[in-house]
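The values are calculated or read from the model by the stated rules, or taken from the named source; none is laboratory data. This one's a predicted model, so the numbers in the text were calculated from it and none came from an experiment. Glycine gets a Cβ as well: all are built from the backbone with ideal geometry, and neighbour counts include every protein chain shown. Surface accessibility is based on the protein's heavy atoms, side chains included, excluding ligands, DNA and RNA. Shrake-Rupley method; radii C 1.70, N 1.55, O 1.52, S 1.80 Å.
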Amino acid sequence: MSIGKLVIVIITLLISLSIIAYTIYIIVSPQEGIGGRPTIVANVTRSGEVFLPLPRKVTTMTVEEAILLRRSLREYKDEPLTIEQLSTILWAAQGITETRWRFRAAPSAGATYPLEVYVVIGEKGVRIDGEFLKAGVYKYNVLRHSLILVKEGDVRGELYRASLEQEWVRDAPIDLVICAIYERTTRVYGERGYRYVYMEVGHVGQNVYLMATALGLGTVVVGAFHDEWVAKIINAEPNEHPLYIIPVGVPVHPYRFSFEELGKWYESMRSR
């Protein structure tokens, strides 16, 4: 074989090996989306369990900025959330942040964790892999970071009526419903445990606010509703008591403010 033919054979072989290596890389590595970000990975099982995208850093907003821009926003665009946004919101509410003792994102008295999170998803409320998650009521599985389908169908209209017809409950693409099992905490702390449960749901509410803000979403915590009616709508267990309804959506009017503006205001207060 001449040197020229040998060179051609070697080049052809190298090109073939490169193609094979690249194909293997595409199969076994996370796929890149726009801007080099991994595409969403979610899996819906036959039983109706939705494995959410795993928690990861998805925002660039600092904690200081999120606190500055946190507001109760009640008007939402007719747009869905992405499955990754929903995943991140749920992880911020009750997700695992330490695996040995299974500590969660929000503090809990004695790590008793009395709260359960339901998600009411409207028709075309959550986009997943080019389609939409089935409308219905889901329950968040903390340890598996997944959603369990509890009830099919868009029940936002019922939830709206049960919450004294607050439009934002009906209009948001999703509503979180936070329930408490008081006994988990009161069996340790007695009557004072009720106070700790109410503190904890407040911690969760603020986590949702801050994460929603960092994601460019809007939210508001709702405490005015008919408890038993809400529990019936979401098929809550008998010992689960609704404490919060938290609509989340893409805001029509995002709140805008800056530390520069805040600094000028403080200076004006000091000069009086």
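Using the alpha-carbon centroid of each, what span in Å lies between segment 89-136 and segment 167-198?
14 Å
Want the number for Tyr182 to Thr59: 0.36 nm per residue separation, take away the alpha-carbon distance, what's left?
Difference between extended and current length: 40.9 nm.
Can you list the lysines whose alpha carbon is less than 27 Å from that of Lys77, not counting same-chain residues fewer than 8 positions off?
Here the lysines satisfying the reach criterion relative to Lys77 are Lys57, Lys124, Lys134, Lys139, Lys151.
Just to check I understand the Karplus step: with θ = phi - 60° and J = 6.51 cos²θ - 1.76 cosθ + 1.60, what whole-Hz values come out for segment 196-209, glycine and proline as x?
My calculation for segment 196-209 gives 5, 5, 5, 4, 5, 5, x, 4, 4, x, 5, 4, 5, 4 Hz in order.
Tell me, what HN-Hα J-couplings in whole Hz come from the Karplus equation 6.51 cos²θ - 1.76 cosθ + 1.60 at θ = phi - 60° for each residue of segment 141-158, using x for Gly and Pro?
8, 4, 6, 9, 6, 9, 10, 9, 5, 9, 7, 7, x, 7, 9, 4, x, 5
Okay, which of segment 196-236 sit inside 17 Å, backbone N to the point 7 Å along the Cα-Cβ direction of His253?
Once the point is set 7 Å along Cα→Cβ of His253, 217-220 turn out to lie under 17 Å by backbone N, inside segment 196-236.
Run the numbers for Ala224 and Ser72: contour at 0.36 nm per residue of separation, minus the present Cα-Cα distance, in nm.
Between Ala224 and Ser72, full extension yields 53.2 nm more.
Can you give me the three principal axis dimensions of segment 157-215 from its C-alpha atoms, in Å, biggest first?
If we take the Cα atoms of segment 157-215, the spans are 39, 30, 13 Å.
Amide H to amide H under 5 Å from Arg104: which residues, 5+ apart in sequence or cross-chain, H placed 1.01 Å off N in plane?
Result for Arg104 returns Thr97.
If contacts are Cα pairs under 8 angstrom and at least 6 residues apart, what is the relative contact order of segment 65-223 in percent?
32 percent
Quote the FRET efficiency, to the nearest 0.05, computed for Phe51 versus Glu260 with a Förster distance R0 of 45 Å and r equal to the Cβ-Cβ distance.
Once rounded, the FRET efficiency stands at 0.55.
Provide the gained length on full extension for the span Arg192 to Trp101, in nm with one decimal, where the gain is 0.36 nm per separating residue minus the Cα-Cα distance.
Full-extension gain reported as 30.4 nm.
How do Lys77, Lys264 rank by accessible surface area computed with a 1.4 Å probe, from largest to smallest?
The ranking, largest first, comes out as Lys264, Lys77.
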